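The block underneath contains the structure these notes are about, expressed in structure tokens.
The values are calculated or read from the model by the stated rules, or taken from the named source; none is laboratory data. Owing to the predicted nature of the structure, the values given are computational and were not obtained by experimental measurement. Every residue, glycine among them, receives a Cβ derived from its backbone with ideal geometry; neighbour counts consider all protein chains shown. For accessibility, only protein heavy atoms count, side chains too; no ligands or nucleic acids. Shrake-Rupley method; radii C 1.70, N 1.55, O 1.52, S 1.80 Å.
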Amino acid sequence: MNRKLKSRQVVFVGGGLMAALAARKLVEDGVDVLVLERGRDHDAGAEHRLPSQRDELRWGVRNHLAQDWSIETYTLRYTHKETALPIRTLAAFLPGEGVGGAGNHWNGQCFRWTDYDMQLRTRLVDRYGASAVPPEMPIQDWGVTYEELEPYHERFEKLFGVAGKAGNLRGQIQPGGNPFEAARRSEYPQPPLEITEAGVILSEAAAKFGYKPFPMPASNSPHVYVNPDGMRLGACQYCGHCERFICESNAKGSPEVLLYPVLKRKKNFEIRPYSHVTAIEYDPKAKRVKGVRYIDLESGDVIEQPAELVVLAAFTFTNTKLLLGSRIGTPYDPVTRRGVVGRNFCHQTSSSMNVFYKDRWINPFFASGSTQTILDEFNGDNFDHTGLDFMGGAYIFNNTTNGRPISTRPLPPGTPQWGTKWKQASADWYSHAFTLTTIGSCYPHVENYLSLDPTYRDAYGQPLIRITFDWRDNEVKMSQYVTRKMAELANASGATIVGPAAPRKGPYDSRLYQTTHVVGGTPMGADPHTSVVSPHLQHWDAENLFVVGGSVYAHNAGYNPTALMGAIGLRLSDDLSRYARKPQRL
Amino acid sequence: MQPTAPNAGYTLLGPEEATFLEAVVDIMCPADSLTPSGTDCGLAIYIDRQLAGDFGKGGRMYSQGPWIKGKPEQGYQLPMKPAEFFKAGVAVARQAAQSRYGKSFDQLAPADADAFLSDIASGKVVDDRLSLADWFSQLLYPLFQQACFADPVYGGNRDKVFWKMIGYPGLPAFYAQDMVTYRGKPFPGALTPKSILDFS
């Protein structure tokens, strides 16, 4: 049955972190806000309670908190000339489902990006000359500066109780922090998490090179913390069940813990779970959106929901899919390199290696999602690239987040796959090994983009998003460089055994988890020819449509995206409040 | 500690398939000073139950056609659900053992059975209808590792034997204090792991 509901002032698509942040000011102002979320409320589920929360198989291996691929997946190909195939069980990244979205099952790693990332093209051209950026790499400025975002970073960190050590306070470099970080106006709201034994080992190795290790900025609360809204985080139990899990101690900064309860107290706020949005109603002549259409999963009804203002706040692919499917904006074409929707799609370039220490007790199960020690010397443009044939870089760290034994059980090279020797190696090394990892930038390439698949459809009959992506030359060379730097550290760390250091290379592997930091598709920017939304996230072709989330990133840095997304979401909250008071192009 | 569960029956696999699987897990996990045999650790039961349930039915897999062969990195591309793929692979492997050795896999000497499994894993046992190497690496081997190290509530890792072997303490994992006290030192809790069953 089809039903048309009465019009609402503001409708958000996607009940994750972005809607919860961007709706704040509107809800305070008394504006009528409706959030449509395709999944359920996780509050009372097995995923949130002991003992079932500690189930590695269900949440960690089978990824039951991530998107259900039987309903919707993506197709993958490597160049625009190939036929894409559906990824039938996706492992490379993990979009969330349900209230809170991927903000439920993240690790909590909470980096600000550098002060040059928002003007990356300008920075690279200034430093290396006009030919520094090749034509096949559409690196572009974002139309916003770090300085504009800094107050919002500050606010987000206080809301989420972020724990860390400042490295740059108002321009003064601080010992123990990240000397490469952008200037901060104040210290982190909470002191860092406890260091792991793996972090002690990495710090000892780093000292030999003169590198400056620092603790991962963490949205995993080291102590009980009450944020400016009066919302409370519990103390982290270092249980090793963060990424892919919902924190049962409420110690991980998550929209369901910190943000939605505040919004739900207000009569002018409503969140409607089990509402799968299929289209945005668009009037191309008026250049305005009229509302959204969704399937109510509890009745099967197709619902028309008119709205004065629509905010797309879903995961990277869903934002792009809804714009393409609703024919809003010009789709990107890799041949002519014209059009915008789908462009600048980027994953993140990681690599790793295992290290083994006979006489050190690593105890990998003492961990949170952010108990890592970081080196930022070879990230982004923190080092001089003169004479190097690539751009970008990565941070290097001990990737100590858990000791869950199905997945986190490094074995020395040459160990047989089964039998007594396999068991003996597992017994010998489980508590004496860890993984070193690089998390690196991925800059845009003209062949890496999103479009609608012509063949494969989701469970509701809509085309799947087609990913055209591979690791291009720049990222392959970057990964070789930073992986070599990581191996030098490993070799100087006193390890009994050093595993092989494998830089990232193609073909892009959908079977291996890398990061969930997939960005782009609807980039923000000052130029409508190269961006989908303005620097205020307003759609160029519809004044009353805003888009927010990873999809608005114009490139991916070697930093986790959540803190930046938090700042962008809070800035949008102010912009939406302005727009609601006086609708106009911002 | 939980008492040892009685040997549960098979719900998906027939007797010959179960016999084959028990022989496989007993080669991959022989009884030794570290653990009892794979069968006695519940590994075959774990695999049978997983295949009989949501995983085996491909409950969370995208399963629409057309079905086109791609690069390995594009992932599994067969219309068969995991349980069907598993049974088809078992049938091919059993036949291959029979034709190579003149007897069934479970009757082979351990060294022959081990060599045969290695040949399957490395793609040296070739069948023109089904890739046994894919069957092993994408389906059987991940299930084997899960059977060993997943919570015993699923039927494998009986008596937490694999967790005790490596020193994984399991639940409830409240380590705010232990994290500091035992940093860089052996953790006594690792000797007596607790599972979901201990809290149910």
Can you work out D for chain A in µm² s⁻¹ from Stokes-Einstein, where Rh is the Kirkwood radius over C-alpha pairs, the temperature is 10 °C and the viscosity is 1.306 mPa s?
66
The set of residues whose placed amide H lies less than 5 Å from the amide H of A:Arg466, leaving out same-chain residues fewer than 5 positions away, is A:Thr75, A:Ser451, A:Leu452, A:Asp453
What are the GluC sites (Glu not before Pro) within segment A:164-198 that DSSP puts in a loop, where the Cβ has at most 14 other Cβ atoms within 10 Å?
A:Glu187
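Please compute the per residue accessible area over chain B with all protein chains in place, 1.4 Å probe, rounded to a whole number of Å².
Details: 8810 Å² over 200 residues.
Averaged over the residues of chain B, the accessible area is 44 Å².
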Among A:Val262, A:His64, A:Gly419, the residue whose Cα sits farthest towards the positive end of the charge dipole of the protein assembly as shown, when +1 is placed on the Cβ of each Lys and Arg and -1 on the Cβ of each Asp and Glu, is A:Val262
Counting only protein heavy atoms and leaving out ligands, DNA and RNA, the solvent-accessible surface of B:Asp106 at a 1.4 Å probe, in Å² to the nearest 10, equals 60
Amide H within-cut-off set for A:Arg8, under 5 Å, with H built and near neighbours excluded
A:Ala307, A:Glu308
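In Å², rounded to the nearest 100, what is the total accessible surface buried by chains A and B against each other with a 1.4 Å probe? Write out the running numbers ahead of the final one.
Numbers: alone 22180 and 11640 Å², together 28130 Å².
Protein heavy atoms only, the A-B interface buries about 5700 Å².
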Please report, in debye to the nearest 20, how large the charge dipole of chain A is about its Cα centre when each Lys and Arg carries +1 at its beta carbon and each Asp and Glu carries -1 there.
640
What residues have an amide H closer than 5 Å to that of B:Met61, excluding those fewer than 5 places away on the same chain, when H is modeled at 1.01 Å from N in the peptide plane?
A:Ser70
If you average the sequence gap of Cα pairs under 8 Å that are 6 or more apart and divide by the length of chain A, what percent do you get for the contact order?
23
Kindly tabulate the residues in segment A:78-107 with an accessible-area decrease of at least 50 Å² between the chain alone and the assembly of all protein chains, using a probe of 1.4 Å.
A:Tyr78, A:Leu85, A:Arg88
Rank A:Leu76, B:Ser200, A:Asn402 by how far each Cα sits towards the positive end of the charge dipole of the protein assembly as shown (+1 on Lys, Arg Cβ; -1 on Asp, Glu Cβ) and give me just the farthest.
A:Leu76
Efficiency of FRET between A:Arg40 and A:Lys477 - r from beta-carbon atoms, R0 45 angstrom, step 0.05
0.55
Heavy-atom accessible surface, probe 1.4 Å, ligands and DNA/RNA ignored: which residues of segment A:14-63 lose at least 40 Å² versus the isolated chain?
A:Pro51, A:Arg54, A:Asp55, A:Leu57, A:Arg62
Could you tell me how many degrees, from 0 to 90 and to the nearest 10, lie between the Cα long axis of helix A:473-491 and the main elongation axis, the longest principal axis, of the Cα atoms of chain A?
30
Cα-only Debye scattering, segment A:93-182: base-10 log of I(q)/I(0) at q = 0.22, 0.26 Å⁻¹
-1.13, -1.24
B:Asp134 paired with A:Leu5, simple spin-label distance in nm, labels 7 Å along Cα-to-beta-carbon
4.4
Would you report the distance distribution of C-alpha pairs in segment A:341-473 as whole percents per 10 angstrom bin, up to the bin with the largest distance?
11, 27, 23, 24, 14, 1
Accessible area of the protein assembly as shown belonging to carbon and sulfur atoms, whole % at 1.4 Å probe:
52
For chain B, longest principal axis from Cα atoms; helix B:110-121 axis from its Cα atoms; angle between them, nearest 10 degrees, is 70
Of the residues A:Ala314, A:Ser431, A:Leu34, the Cα lying farthest along the dipole of chain A towards its positive end, which is defined by charges on the beta carbon of Lys, Arg, Asp and Glu, belongs to A:Leu34
Distance check, please: which entries in A:Lys25/A:Lys165; A:Lys505/B:Lys69; A:Lys290/A:Lys321; A:Lys421/B:Lys124; A:Lys252/A:Lys290; A:Lys421/A:Lys505 exceed 26 angstrom between their Cα atoms?
A:Lys25/A:Lys165; A:Lys252/A:Lys290; A:Lys421/A:Lys505
Please express the Cα-Cα pair-distance distribution P(r) of segment A:431-586 as a list of whole percents, one per 5 Å bin, running from 0 to the bin with the greatest distance.
2, 7, 13, 15, 15, 14, 12, 9, 6, 4, 2, 1, 0, 0
Quick P(r) readout (chain B; Cα-Cα; 10 Å bins; whole %) gives 8, 31, 31, 20, 9, 1
Only Cα pairs under 8 Å and at least 6 apart count here; give the relative contact order of segment B:1-152 as a rounded whole percent.
23
